[in-house]
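The values are calculated or read from the model by the stated rules, or taken from the named source; none is laboratory data. Remember, predicted model here, so these are calculated numbers, not experimental data. Because the Cβ atoms are built from the backbone with ideal geometry, glycine has one as well, and the counts that use them run over all protein chains shown.
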Amino acid sequence: MSFLGGVFGSKRARVEEQTAFGQQALAMVRAQQRVAAAEFDPTDFVIGYATHDGERGRMSLATVFKRCQGISAEEARRVLFEFVSIPATVDAPADGQDGWATASAQLRPLIRQAGQLDLRTEGMRIADHTVWRPVLPGLIETIVIDQPTSMQNAHPSLLDEWGVDADTVFAAARANLTELALDTAAGYDPRAKAGMLHIPDVSGDLYAGSLPLVDGWLAGIGAKAGARPIVFVAQNVGVLIGAEFSEEHVLRLVRAARELFDNAVREVSPVPYTVDDDGRLVPYQVERNHLAWREIRAAECTLASHVYGQQYEHLRADLDADLTEDRAAKLTHIRKDGVDTTWSPWTDTVPTLLPRANNVTLTDVNTGATFAVPWETLAAAIDLEPVEGVYPPRYRVEYHPEPEVMARLRAAEALD
């Protein structure tokens, strides 16, 4: 296998090649005099680094990885070296309103999985040195500074230097995609290509995968289609657009998005999204008798498994390092009778951080008896409060409910 191969034969081969690519990039980052420490995260395909003067950042390698395909190894190394070179200062000014006036035009939003927020780099959680907010179940909106050859994650400290709040930053980043949003909405023809529009954006330069964040864009797609709009951000680049023309069409869209997700260098979500009556981006949901329900349910479970699985590993590392006393429960994705679902265990007397699973199993430490109840059933019986600062959300539990409540839960035993 070459340093930068051409066409991949399988997802496993792509993963192996991007791992080799990431290790090469890591060596280049560590060789720079400004860099005090750097780590390669193969799951998220990023390099986190810290400089001697206190700057922290994360480099996504997905775009440069694709740029290096189909060129010679020598040229690829040059492109990669230029990409990972850390300048002496950030290109965009970062002090006061003059700095904000310049930087605001370079801001872009990204939709990403939330499972890496609890990963620690140099002892700090990514959540603590990233500008982010929840945007959809399991997904976050984060902000980058778009530069000619790279993009830099916006650090929360920049907000103080610019003299603006987070809402202003997110609004500016979304506004910078207005022209692209207008162009793509105008170019969408519901009569062409079976009503689907896929913008691959292989280089990532367009930030097409962030279009669902632009106010009015998806609603405009729906208005042109004359039907409820549907959008997918299956990969870290590109976007797939369609509409609710029929159940069969929705099923085709879901399957097309799942193929993109399964073959992505870096996955985001196989779940379909739409807008509610107020124009807010929300998951697209259907009744259980809908032709696409099972595959949409599978997409939801897959995303939850990815995101909570990553989060579990980071929370478990905190437990092993004595940074917390709470045990994070695993979320397990299974298929029963052709229907996908998730479950998570709650063992009596054990302090546990429960993920938001379809089902929770309760186990008595004295008798060993275990039964499952749907999340909604458990939430109706006891107060489940999300732990502050943890996303995707987890809920702290320890002792099982009182006997009479347990009896009601046992009588409602079911697997959703």
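Results for (1) touching a Gly at 6+ places or on another chain (Cβ under 8 Å); (2) assigned to a helix (DSSP H, G or I), shown as yes or no for each residue.
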site	(1), (2)
26	no, yes
37	no, no
48	yes, no
57	yes, no
82	no, yes
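Could you say whether any residue in the range 276-289 is in a strand (DSSP E or B), at negative phi and surrounded by fewer than 19 Cβ atoms within 10 Å (Cβ to Cβ)?
Yes, the range 276-289 contains a residue that is in a strand (DSSP E or B), at negative phi and surrounded by fewer than 19 Cβ atoms within 10 Å (Cβ to Cβ).
For residues that are under 18 Å from residue 397 (Cβ atoms) and over 24 Å from the mean Cα position of the chain (by Cα), scanning just the range 314-325, find the one that is surrounded by the most Cβ atoms within 10 Å (Cβ to Cβ).
324
Which residue is farthest from residue 50 (Cα to Cα), if the candidates are limited to the range 7-27 and must be in contact with a helix residue (DSSP H, G or I) (Cβ under 8 Å, 6 or more places away or on another chain) and modelled with pLDDT under 85?
If we take residues in the range 7-27 being in contact with a helix residue (DSSP H, G or I) (Cβ under 8 Å, 6 or more places away or on another chain) and modelled with pLDDT under 85, then 8 is farthest from residue 50 (Cα to Cα).
Cβ-Cβ below 6 Å, separation at least six or inter-chain, first residue in the range 331-356 and without any contact (Cβ under 8 Å) to a residue 40 or more places away in the chain, second aliphatic (A, V, I, L, M): which pairs?
Short answer, once both residue conditions are applied: 331/357; 344/329; 344/331; 344/354; 344/357; 344/360; 345/329.
For every residue, the table says whether it meets (1) closer than 30 Å to residue 215 by Cβ; (2) outside the structural domain of residue 211 (by TED's automatic domain parsing).
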{"position": "280", "(1), (2)": "yes, no"}
{"position": "290", "(1), (2)": "yes, yes"}
{"position": "334", "(1), (2)": "no, yes"}
{"position": "367", "(1), (2)": "no, yes"}
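Does the range 236-257 hold any residues that are farther than 15 Å from residue 197 by Cα and either within 16 Å of the chain's Cα centre (by Cα) or not in a helix (DSSP H, G or I) (or both), and which are they?
Passing the criteria: 236, 246.
Residue by residue through the range 348-381, note down the ones that are within 28 Å of the chain's Cα centre (by Cα) and part of a loop (DSSP other than H, G, I, E, B).
The answer is 351, 356, 357, 358.
If residue 392 satisfies all but one of (1) touching a helix residue (DSSP H, G or I) at 6+ places or on another chain (Cβ under 7 Å); (2) touching a residue at least 40 places away in the same chain (Cβ under 8 Å); (3) assigned to a strand (DSSP E or B); (4) under 23 Å from residue 119 (Cα atoms), what's the number of the condition it fails?
Among (1) touching a helix residue (DSSP H, G or I) at 6+ places or on another chain (Cβ under 7 Å); (2) touching a residue at least 40 places away in the same chain (Cβ under 8 Å); (3) assigned to a strand (DSSP E or B); (4) under 23 Å from residue 119 (Cα atoms), residue 392 violates only (3).
Only one of (1) within 17 Å of the chain's Cα centre (by Cα); (2) on the phi < 0 side of the Ramachandran plot is not met by residue 138, so which one is it?
Among (1) within 17 Å of the chain's Cα centre (by Cα); (2) on the phi < 0 side of the Ramachandran plot, the lone unmet condition for residue 138 is (2).
Which residues, counting only those in the range 313-329, are without any contact (Cβ under 8 Å) to a residue 24 or more places away in the chain and either touching a Leu at 6+ places or on another chain (Cβ under 8 Å) or part of a loop (DSSP other than H, G, I, E, B) (or both)?
Answer for the range 313-329, where residues must be without any contact (Cβ under 8 Å) to a residue 24 or more places away in the chain and either touching a Leu at 6+ places or on another chain (Cβ under 8 Å) or part of a loop (DSSP other than H, G, I, E, B) (or both): 321, 322, 323, 324.
Would you pick out the residues in the range 156-175 that are of a type outside the set (A, V, I, L, M) and buried (at least 20 other Cβ atoms within 10 Å of the Cβ)?
162, 170, 174
Inspect the range 303-318 for any residue being farther than 20 Å from residue 113 by Cβ and outside the structural domain of residue 261 (by TED's automatic domain parsing) and give the result as yes or no.
No, the range 303-318 contains no residue that is farther than 20 Å from residue 113 by Cβ and outside the structural domain of residue 261 (by TED's automatic domain parsing).
State which residue is nearest to residue 165 (Cα to Cα) when the search covers only the range 92-129 and only residues that are modelled with pLDDT under 95 and of a type in the set (Val, Ile, Thr).
102
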